[in-house]
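Heads up, the thing below is written out as structure tokens.
The values are calculated or read from the model by the stated rules, or taken from the named source; none is laboratory data. Everything quoted here is computed from the prediction, not taken from an experiment. Every residue, glycine among them, receives a Cβ derived from its backbone with ideal geometry; neighbour counts consider all protein chains shown. Surface accessibility is based on the protein's heavy atoms, side chains included, excluding ligands, DNA and RNA. Shrake-Rupley method; radii C 1.70, N 1.55, O 1.52, S 1.80 Å.
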Amino acid sequence: MDLQLKKVQETRINDCKKIIGYLNLVNFATLDDKEVRALAMIREMSNTIVSGHAKLATEGDVSRLLTISVERMVSFLWVVLSFGLLHNGGYGC
């Protein structure tokens, strides 16, 4: 495997581990169903990358993803990342 690609993969895995850690701190009981669904999808994607089971997207994967508002998912990801910044001394994820 190309060294540069390996570094990119390691960075992606480390970032996903941090996202999972931040999601574990979120109180899902205070969220509505759409928020929970978006965060659960982010957690599922992160777990897939960390476990090394990431694969190419299928047509069914794309259809499923399109059923959830991408903008909503991104906005919740920003909430998670902001939470990480607050709890990480402002040094990023």
>> Tell me the accessible surface of Ser63 in square angstrom (1.4 angstrom probe, heavy atoms of protein chains only), to the nearest ten.
In response: 70
> Roughly how much of Lys34 is accessible, in Å² to the nearest 10, using a 1.4 Å probe?
Replying inline: 110
> In whole Hz, what ³J(HN,Hα) sequence does the stretch 45-54 give by Karplus (6.51, -1.76, 1.60; θ = phi - 60°), x for Gly and Pro?
Replying inline: 5, 5, 4, 5, 5, 5, 6, x, 9, 5
>> Could you compute the net charge surrounding Glu10? Neighbours are other residues with a C-beta less than 15 Å from the C-beta of Glu10; K and R count +1, D and E count -1.
In response: +3
> Once you wrap a convex hull around the alpha carbon atoms of the stretch 2-88, what is its projected area averaged over all directions, in nm²?
Replying inline: 6.6
